[in-house]
1. Grab the beta carbon distance between Ser71 and Glu118, set R0 = 35 Å, and tell me the FRET efficiency rounded to 0.05.
2. Using a simple spin-label model with points 7 Å from Cα along the Cα→Cβ vector, what separation in nm is obtained for Val109 and Thr25?
3. Is it possible to state the helix-based mean residue ellipticity at 222 nm for the chain, with each DSSP H run of 4+ residues giving -39500 (n - 2.57), the sum divided by total residues, to the nearest 500 deg cm²/dmol? What is it?
4. Measure of size requested: the Rg and Dmax of the chain, with Cα atoms as the atom set and Å as the unit; please supply both.
5. At R0 = 25 Å, how high is the FRET efficiency between Glu162 and Thr93 if r is their beta carbon distance? Nearest 0.05 is fine.
6. Among Ile49, Ile140, rank each residue by its count of other Cβ atoms within 10 Å, from fewest to most, as a rough exposure measure.
7. According to a simple spin-label model (label point 7 Å from Cα along Cα-to-Cβ), what is the distance in nm between Ala7 and Thr60?
Amino acid sequence: MSTTIWAIDPSHSEVQFKVKHLVITTVTGNFKEFSGTVEAGDDFENAKIAFEAKIDSINTNSEQRDGHLKSADFFEAEKYPILSFTSTKFVKTDDEEFELVGDLTIKDVTKSVKLSVEYGGTATDPWGNVKAGFELTAKINRKDFGLTWNAPTEAGGVLVSEEVKLIANIQLVKQA
């Protein structure tokens, strides 16, 4: 079976995370700079996926919070500038659903994570580029990756939840 190389189209993709703040609201952030490739057959089953995001490109619409996230309290962007993911398994669970398992590296910690993937379809744009769309979702515990900073609240809770929701809407473009 022949394989095709696909690359993430960053202008039509987004990589987000959501974290509860004070347990009552959700803060959404994203990475502005990221890249990735997919090597796959026509049905994408058993695809090989590689992804990287630049920690310094983190954006939560608050310069102060972004600076704190880049600091040693969280990502240590100067020491660990890249977040990476490499797939170990990509299997179809039904017509438009896949299960993706792979190694996520944040800072100096690598852990296996499982993501749910919804295939949006494949289409050709007006310029002849073949594109494929996917939405990926997962939940991770940030403490598993050494992102342990927190602060107590007066009510006995914490400022930032341990659970982080990951959401990526990815458009791939078929490489020649």
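No lab work stands behind these numbers, since they all come straight from the coordinates. Predicted, not measured: the structure shown is a model, and the values here were computed from it. Every residue, glycine among them, receives a Cβ derived from its backbone with ideal geometry; neighbour counts consider all protein chains shown.
1. 0.50
2. Once both label points are built, they end up 2.7 nm from each other.
3. -1000 deg cm²/dmol
4. Computed over the Cα atoms of the chain, radius of gyration and Dmax are 17.3, 60 Å.
5. FRET efficiency, Glu162 to Thr93: 0.35.
6. Ile140, Ile49
7. Placing both labels 7 Å along Cα→Cβ, they lie 3.2 nm apart.
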